[in-house]
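Asker: Take a look at the following structure, please.
The values are calculated or read from the model by the stated rules, or taken from the named source; none is laboratory data. Note that the structure is predicted; figures quoted are calculated from it, not measured. Every residue, glycine among them, receives a Cβ derived from its backbone with ideal geometry; neighbour counts consider all protein chains shown.
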Amino acid sequence: MSDLPKARIATASLAGCFGCHMAILDIDERLIELMKLVEVDRSPLTDIKRFTKRCDIGIIEGGCCNEENVHVLRDFRRHCDVLIAIGQCAIMGGLPAMRNAIMHSDDPLRECLEEAYISGKYIRNTTHSIPNDPALPLLLDEVYPCSEVVEIDYNIPGCAPTGDVIYDTLSGLLTGRFHGFEREEIRFD
Amino acid sequence: MDEGLPACEVPLVSDAEIMAVCEGYGNDPHRMLDILRDLQDRFRCISPQILTVVAKQTGSTRVAVEGVATFYSFLSLTPKGRVTIRLCDDIVDRFSGLAEVTEAFETELGIKLGHTSRDGAFSLDYTPCIGLCDQAPAAMINDIVVTNLTVEKVRGIMAALKSGKSPEALISERFGELKPHERATRMVDNNIRHAGPVLLGPVPEDAGLRKALDLAPADIVDAVEASGLRGCGGAGFVTGRKWRFAAQEPAERRFIFCNADEGEPGTFKDRVLLTERPHLLIEGMTIAAKAVGAKEGVLYLRGEYVYLRELLQSVIEERRERGLLGPAILGVEGFDFDLRIQMGAGAYICGEEGALISSCEGLPGEPKTRPPFPVTKGYLGFPTVVNNVETFCNVARILDRGAEWFHALGAGGSHGTKLFSVSGDCLNPGVYELAYGMTMRDFLSLVGGEEAAAVQVGGPSGTMIARDSFHRRLSFDDLTTGGAITIFGPERNILEIVEYYISFFVHESCGYCTPCRVGNVFLQRAIGKFRKGLANPKDIEYLKDLSATIIETSRCGLGTTSPRPILETMENFPLVYSALAKPSKDRIRATFDIQAAIDDARKLAKRRSYIFDRDFGQ
Amino acid sequence: MSGSDFTFEIDGVEITARSGQTIMEAADEAGVYIPRLCDHEGLRHQGSCRVCTVKAGGRSVAACTQPAAPGLKVENETPHITKLRRDLVEMLFHEGNHLCPICEASGNCELQAMAYRLDMTGPTRFPYLEPSRGVDASHPDIALDTNRCISCGRCIRASQDVDHKGVFGYVGRGIHRRLAVNGSDLAHTDAAITDDAISKDVCPVGCIIRKGVGFTTPIGEREFDKGLIGHEIEGKRDE
């Protein structure tokens, strides 16, 4: 197994909480095993900001809530052979997508931001304004699951997925033995 | 104007007034729909106070009353205008200038569609097909209907209404003096284009009923079964067999129900029978009563046909006076039968026999679990025969002329004649009575629709065929139809038609079962994506797959047929779909529209995107 | 086997049934689990979720309402039927706002457990409807979060038939059909924490919330952490 050339992996956290990246670390000592098979390219774990090479696997945490998320996700799709959505946010929008349920009015985004920055019950915002620095990416009208923006090859459910299911999926994919999940592994919470 | 807020004041009503209405119906919870219709007419809404009082009077819970009040389109929790204008939003109306007519009403009324004027004088709404596609665009104005609307005509109508004239005065200044039949025919043209030997030709009065008097009930059932008559509402169940089941079931009471709830978009043939052959219809029901041993009946009239209520009521009363209804019909001891009219209130699903019965029981119009079937356990748990208007009319004729005469008409397994409601892009829309078996090509030349590019046979739950199928025949063995033939010329957008039909089913699904309630919304969304050019080629498979699930798991006929407009057009007009689907590029979805997704934020932030606006920084 | 008993088959297993039993009733007694959401022991059958769809004699029917018949051949857990059921469960997920990570019913939720049993792992092709529904916390002991309601109607039937109260009912039509209470809000009904309709087994999801007890059993030690939904019925067969 170790004679094979190492697979290149990239990861990104979009509109999520970084919990799924933390969960990758829950693989614990098996990480050492796994690292024999892979090399990590662009990822917050390596702090590499741009792809250095084409990658075999891209792992995406979080859905798309702003234009930058879309841009990064498309970049991953272009540079990765296989794209994995990890966690509820990447798969279905997750908690950030809760805003979608209130966005049925005529001016939903404004209402959403006003409640978040100005009028909300627990807001202490002395500027009484909505942040609008030119460096801030524009928000999307809704939070989108990754699969609506690009084609996704595999999904690892969970919030966050357990180290076991992440390990099983990754090691399975790397060795060509991934055939879906055991029922006990499927968790949405 | 804010959506959801009452546009005008909830009228002040005393509890005593509400109670009096309930008492008029014996405080009977089974008459809930009548009670609520009555209250809606009087007080223009079913207010929280009305819910509470009605619940108390009828011994129901408030939430149960609310369940009924929120099920039917013609009942409203928020106040409607004293004059409520309901524009028919059928696809044929859309293709006949509905948009201009709507705009004219909005301009004249100063309110938007779906709203009520602040003074409570007018409401303007859309409603699905009201059965006037042959004279579209059409509208209901309270209990009357107006047809062949134009912008000019709308201005005239509104000028009259605003000057304080009643809707009835739009039809005739002497409306009150007119006989019910004349009132109906002044409002609506029958448009009988072809009369056949069974229904629309000359019909002797009560000849069938008189012959039935001498027959034993079982002989009547035999005759109807031998004639080969099948239900004319669309499903085509053998009428005689249905009756036999009901007659065999041991029961204290039995019921004969007439389904006059034709709501399938493009269908209006029963409208003509109800106008021109009401005696024949009730004669048929009376014969059915004798055949199965029923003493009570209900004529379920769709809410959209309220303008025919008076006419039908007068016919019922006349027949009572003449001894053709009531105890000892035509002097025969023990032959008792009478019926009442049950008005619907805007719910297509009530054309499904279980839902129709639920509606008559004062419940939301939800289909019932089968088995048991209505013929064994129907209205209030008693055997109930539900047949279509045309079916009952045929029965009376079969009893008069004999089963063999009827059986000899038609072709193959389809006997007798059929009424066709023809509308859309043709020269002569209207009602045609023809023997079964005609090819579509011959049919189209008869109605002046040779230019047709597509024909919807049997309404949205039927079949949509293209020119290469015009050799097919109208019969139970090939192109079956409850009567609707809607013709579309080459200039029509097939996907627009499909989107309308799916939206119709979404609007009319009762919501009881998951696949129909939710699945149809998904179909509607997916078709919307095709319309906007945001569909992926895989969405074609997705639509087929989702349709299959809805068809296989739905509880009643609505869900098992609602995906048909999609499946039929995919089969017969495949290019319409494939031409609009956009494949992913480099596995990036072309169907995700980033420009649309950031547009709100761009406007709100008053800046351009540094990623997606190419000219950023210029 | 008494005189009126007869047998039929589910996925090749012979099942004994009494006259008048539905397919599901007979299957339950025999220890064969047919997935269901709207059906609940002790309540009348409704047949609305359609998750119990089976193929009986070649026709697709709801096992909870369809009478069993002698010699009937029923397909239950075939790949085709499982796919239909997964579609239905996904429809329910997409119709409401179901966010397992923040739902106190997680682990006890029958909708979630059904998704596990039916191998719902990826995003579905369905759109999320993301409705805007209210939360009714007016009652001192009970809260109602209809974002999570799957319209199973179990609380409606329990309240009507067991509690003889009629606290709950359906209002609206089609996709707008939803659960409502018999009053302006829950505090203005005669709902009580002791009602059968409010008891923990009646609401299959996290819609009816008993205040103050949501996390007495920690995540990870809950009903469906012990086994797949249906394991109790299937356990009968192993005995």
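Asker: Can B:S503 be described as polar (S, T, N, Q), outside any loop (DSSP other than H, G, I, E, B) and without any contact (Cβ under 8 Å) to a residue 24 or more places away in the chain?
Answerer: yes
Asker: What's the total number of residues in segment A:161-189 that are more than 9 Å from chain C (Cβ to nearest Cβ) and either within 28 Å of C:S132 (Cβ to Cβ) or among the small types (G, A, S) (or both)?
Answerer: Of the residues in segment A:161-189, 4 are more than 9 Å from chain C (Cβ to nearest Cβ) and either within 28 Å of C:S132 (Cβ to Cβ) or among the small types (G, A, S) (or both).
Asker: Can you pull out every residue in segment C:208-237 that is closer than 27 Å to C:S151 by Cβ and small (G, A, S)?
Answerer: Of everything in segment C:208-237, those that are closer than 27 Å to C:S151 by Cβ and small (G, A, S) turn out to be C:G212, C:G214, C:G227, C:G230.
Asker: Could I ask something else about it? Identify the single condition in (1) assigned to a helix (DSSP H, G or I); (2) within 23 Å of B:R607 (Cβ to Cβ) that A:P131 does not satisfy, given that it satisfies every other one.
Answerer: It fails just one condition, (1).
Asker: With the structure loaded, tell me whether B:L273 is touching a residue at least 24 places away in the same chain (Cβ under 8 Å), of a type in the set (A, V, I, L, M), assigned to a helix (DSSP H, G or I) and under 28 Å from B:S461 (Cα atoms) or whether it fails that test.
Answerer: For B:L273, the condition - touching a residue at least 24 places away in the same chain (Cβ under 8 Å), of a type in the set (A, V, I, L, M), assigned to a helix (DSSP H, G or I) and under 28 Å from B:S461 (Cα atoms) - is met.
Asker: Please tell me if B:R517 is more than 9 Å from chain C (Cβ to nearest Cβ), under 27 Å from C:A56 (Cα atoms) and not hydroxyl-bearing (S, T, Y).
Answerer: no
Asker: Considering only residues that are within 9 Å of chain A (Cβ to nearest Cβ) and small (G, A, S), look in segment C:99-113 and name the one that is surrounded by the most Cβ atoms within 10 Å (Cβ to Cβ).
Answerer: C:G107
Asker: How many residues are assigned to a helix (DSSP H, G or I) and more than 23 Å from A:G158 (Cβ to Cβ) if we restrict to segment A:33-57? Step through it out loud before you land on a result.
Answerer: At the first step, the residues of segment A:33-57 found to be assigned to a helix (DSSP H, G or I) are A:33-35.
Checking the rest, the ones that are also more than 23 Å from A:G158 (Cβ to Cβ) come to none.
Going through segment A:33-57 one residue at a time, the tally reaches 0.
Asker: Based on this model, can you work out whether B:N148 counts as buried (at least 17 other Cβ atoms within 10 Å of the Cβ) and on the phi > 0 side of the Ramachandran plot?
Answerer: Numbers: buried (at least 17 other Cβ atoms within 10 Å of the Cβ): no; on the phi > 0 side of the Ramachandran plot: yes.
For B:N148, the condition - buried (at least 17 other Cβ atoms within 10 Å of the Cβ) and on the phi > 0 side of the Ramachandran plot - is not met.
Asker: Anything in segment B:229-253 that is surrounded by fewer than 23 Cβ atoms within 10 Å (Cβ to Cβ) and assigned to a loop (DSSP other than H, G, I, E, B)? List them, or say none.
Answerer: B:G231, B:G234, B:A235, B:G236, B:F237, B:E249, B:P250, B:A251, B:E252, B:R253
Asker: Confirm whether B:L446 is assigned by TED's automatic domain parsing to the domain that holds B:K418, in contact (Cβ under 8 Å) with a residue 24 or more places away in the chain, more than 30 Å from C:R36 (Cβ to Cβ) and out of contact with any Ser or Thr (no Cβ under 7 Å at 6 or more places or on another chain).
Answerer: So B:L446 fits the description; yes.
Asker: All but one of (1) among the hydroxyl-bearing types (S, T, Y); (2) assigned to a strand (DSSP E or B); (3) at pLDDT below 95 hold for B:Y432, so report the exception by its number.
Answerer: Every condition holds for B:Y432 apart from (3).
Asker: Still on this structure, please answer the following. Looking at (1) charged (D, E, K, R); (2) surrounded by fewer than 13 Cβ atoms within 10 Å (Cβ to Cβ); (3) in contact with a strand residue (DSSP E or B) (Cβ under 6 Å, 6 or more places away or on another chain), which is the one condition that is false for A:D56?
Answerer: Unmet condition: (2).
Asker: Inside segment A:77-93, can you point out the residues that are outside any strand (DSSP E or B), at the interface with chain C (Cβ under 10 Å from one of its Cβ atoms) and touching a strand residue (DSSP E or B) at 6+ places or on another chain (Cβ under 6 Å)?
Answerer: A:G87, A:C89, A:A90, A:I91, A:G93
Asker: Looking at B:H415 and the list (1) in contact with a helix residue (DSSP H, G or I) (Cβ under 9 Å, 6 or more places away or on another chain); (2) free of Cβ contacts under 8 Å to residues at least 60 places away in the same chain, which single condition is not satisfied?
Answerer: (2)
Asker: Among the listed residues A:G172, A:G180, A:G176, identify the single one that is outside any loop (DSSP other than H, G, I, E, B) and under 22 Å from A:L37 (Cβ atoms).
Answerer: Exactly one residue qualifies, and that residue is A:G172.
Asker: Continuing with the same structure: Taking segment A:111-128 as the region of interest, how many residues are away from chain C (no Cβ under 14 Å) and either within 23 Å of the chain's Cα centre (by Cα) or part of a helix (DSSP H, G or I) (or both)?
Answerer: Here the count works out to 6.
Asker: Same structure, new question: Collect the residues in segment C:159-192 that are polar (S, T, N, Q) and in a loop (DSSP other than H, G, I, E, B), keeping them in residue-number order.
Answerer: Residues satisfying the conditions are C:N182, C:S184, C:T189.
Asker: Please work out which residue is surrounded by the most Cβ atoms within 10 Å (Cβ to Cβ), limiting yourself to segment C:202-216 and to residues that are away from chain A (no Cβ under 13 Å) and modelled with pLDDT under 95.
Answerer: C:G214
Asker: Another question, if that's okay. Every residue in segment B:35-49 that is of a type outside the set (S, T, Y) and surrounded by 20 or more Cβ atoms within 10 Å (Cβ to Cβ), please.
Answerer: The first filter runs over segment B:35-49 and keeps only residues of a type outside the set (S, T, Y), leaving B:35-46, B:48-49.
Selection gives B:I35, B:L36, B:R37, B:L39, B:Q40, B:F43, B:R44, B:C45, B:I46.
Asker: How about segment B:554-577: which of its residues are part of a loop (DSSP other than H, G, I, E, B) and either more than 16 Å from C:G174 (Cβ to Cβ) or in the same structural domain as B:G354 (by TED's automatic domain parsing) (or both)?
Answerer: B:F573
Asker: Quick one: in segment A:94-110, which of the residues that are within 13 Å of chain C (Cβ to nearest Cβ) and either part of a loop (DSSP other than H, G, I, E, B) or polar (S, T, N, Q) (or both) is surrounded by the fewest Cβ atoms within 10 Å (Cβ to Cβ)?
Answerer: So, considering only residues that are within 13 Å of chain C (Cβ to nearest Cβ) and either part of a loop (DSSP other than H, G, I, E, B) or polar (S, T, N, Q) (or both), the one surrounded by the fewest Cβ atoms within 10 Å (Cβ to Cβ) is A:H104.
Asker: Kindly state which helices (runs of 4 or more DSSP H) lie completely within segment B:146-206 and contain at least 1 residues that are touching a residue at least 60 places away in the same chain (Cβ under 8 Å) and small (G, A, S).
Answerer: It comes to B:180-187.
So that you can scan it fast, the table gives a plain yes or no per residue for (1) within 25 Å of the chain's Cα centre (by Cα); (2) in the same structural domain as B:P364 (by TED's automatic domain parsing); (3) crowded, with 19+ Cβ neighbours inside 10 Å:
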site: B:A16; (1), (2), (3): no, no, no
site: B:E23; (1), (2), (3): no, no, no
site: B:L33; (1), (2), (3): yes, no, yes
site: B:L51; (1), (2), (3): no, no, yes
site: B:V63; (1), (2), (3): no, no, yes
site: B:Y72; (1), (2), (3): yes, no, yes
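Asker: Among C:G220, C:G206, which is at positive phi, in contact with a Gly (Cβ under 9 Å, 6 or more places away or on another chain) and either assigned to a helix (DSSP H, G or I) or in contact (Cβ under 8 Å) with a residue 40 or more places away in the chain (or both)?
Answerer: The conditions single out C:G220.
Asker: Among the listed residues B:A535, B:A590, identify the single one that is within 14 Å of chain A (Cβ to nearest Cβ), of a type in the set (A, V, I, L, M, F, W, C) and more than 19 Å from B:E499 (Cα to Cα).
Answerer: Result of the check over B:A535, B:A590: B:A590.
Asker: Every residue in segment A:145-160 that is within 7 Å of another protein chain (Cβ to nearest Cβ) and in a strand (DSSP E or B), please.
Answerer: A:V150, A:N155
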